[in-house]
1. Pull up the DSSP beta bridges for segment 174-270 and report the antiparallel fraction as a percent, rounded to 5.
2. Let me check I've understood the local charge: for residue 54, count other residues with C-beta under 13 angstrom from its C-beta, Lys and Arg +1, Asp and Glu -1. What total comes out?
3. Compute the signed sum of charges (Lys and Arg +1, Asp and Glu -1) over the other residues within less than 13 Å, Cβ to Cβ, of residue 97.
4. Roll a 1.4 Å probe over the protein heavy atoms and report the accessible area of residue 344 in Å², nearest 10.
5. Can you give the calculated 222 nm mean residue ellipticity of the chain, where each DSSP H run of n ≥ 4 adds -39,500 (n - 2.57) and the sum is split over every residue, rounded to the nearest 500 deg cm²/dmol?
6. Residue farthest toward the positive end of the dipole of the chain, with Cβ of Lys/Arg at +1 and Asp/Glu at -1: which of 321, 51, 10?
7. If you average the sequence gap of Cα pairs under 8 Å that are 6 or more apart and divide by the length of the chain, what percent do you get for the contact order?
8. With the Cα gyration tensor of segment 54-128 giving a ≥ b ≥ c as the square roots of its eigenvalues, does the rule (a/c under 1.5 for rounded; else a/b larger than b/c for prolate; else oblate) give rounded, prolate or oblate?
Amino acid sequence: MSDKVEYPVQLVQPDGRRVLDREHAALVADVGPERLRALYEDMVVTRRIDTEATALQRQGQLGLWAPLLGQEATQVGSAHALHPDDYVFCSYREAAVAYCRGVHPTEITRLWRGVAHSCWDPSAVNMTNPNIIVGSQGLHATGYAYAAHLDGAEIATIAYFGDGASSQGDIAEALGFAASWSAPVVFLCQNNHWAISEPVKVQSQTPIVRRAYGYGIPGVQVDGNDVLAVLAVTRQAVARARSGGGPSFIEALTYRMGPHTTADDPTRYRSSAETEEWARRDPIDRLRRLLERESLLDYAFERQVAEHADEVARQVRTSTIEMPNPGPMDLFEHVYTTPHALITEERREYADYLAGDPGEAAARPEGVPS
């Protein structure tokens, strides 16, 4: 192993100053004033979606929510690097990615409200719905990518997962298969330093990106609170995948500022000093300081962004509260894409139960409760 110290890719420092990195800066050389402003606006709006959803859960309007506070740069930067025909396989925290992929704000909370099996139509935005099974999306992304490769489609897939999921066997299997068959998949680990109550050092004593090296997969560690750096390295990985170069691994160093989910209390396992240290690296503040340094932030633009964020938050709140409760038989909708004998039978039995069918009751063996 080399003794050379490797530093995460960074293009913008926390104080807003640009970093001299010719290789990676060249990958975002086309990002001018308007695109910088667009990145900033998406980050502000998605933070507002997140805080509104968190408030809705605290008020009893959502059953659960997985906050993304502090991870906006990783999600927005990587999402902006994707092509429309690329396919996203997410975990349960990528609301910002969903927004950037075109998911309407009114759809983001449907699953968490408990009124549907899913939030949005995956085929409309080329992105899967929130996935609660930790790490399984790595296999899904790899399988889809490999199938697309066999079909001759020049696309990339991207699998989002956290540092905790990196310890799951599913991720290890996905890395092994992707490397062996050169599947065009980008593995993006959002290392937010805490897998619920366990620090990242429990997952790995070395940088997580080094796991990729053992599979022969190129990897890069990036400052996950630097939206330009994340955009650059994701563009590089996506281009590699789309051109037949195979899989890549990105470890984005960021921080979960809030709880793991709204069922969690992070004050029980981490210090306020640690949280305050990461607050000084806030991704939105960093981009804001860059805009200020380059005279791209004025009152009119700030007001426009604030008004947009407030309107999106209003849509999220109103649509969530007004979501109609599903009918009992809706439980059987959208389970399979084609008719399935078991579901058909279960639907019939449940319909009989709801109707109190006397024939069904008479056929019940003696001693079996109704």
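1. Working: 2 of 13 bridges.
For segment 174-270, the DSSP antiparallel bridge percentage is about 15.
2. Summing Lys/Arg as +1 and Asp/Glu as -1 gives +3.
3. After counting each charged neighbour, the total is -3.
4. Surface accessible to solvent at residue 344 totals approximately 80 Å².
5. Calculated at 222 nm, the ellipticity per residue is -14000 deg cm²/dmol.
6. So the residue furthest toward the plus end is 10.
7. 24 percent
8. Verdict is oblate for segment 54-128.
The values are calculated or read from the model by the stated rules, or taken from the named source; none is laboratory data. This is a predicted model, so every value here is computed, not measured. Backbone-built Cβ (ideal geometry, glycine too); neighbour counts: all protein chains shown. Calculation scope for accessible area: heavy atoms of the full protein, side chains included, ligands and nucleic acids excluded. Shrake-Rupley method; radii C 1.70, N 1.55, O 1.52, S 1.80 Å.
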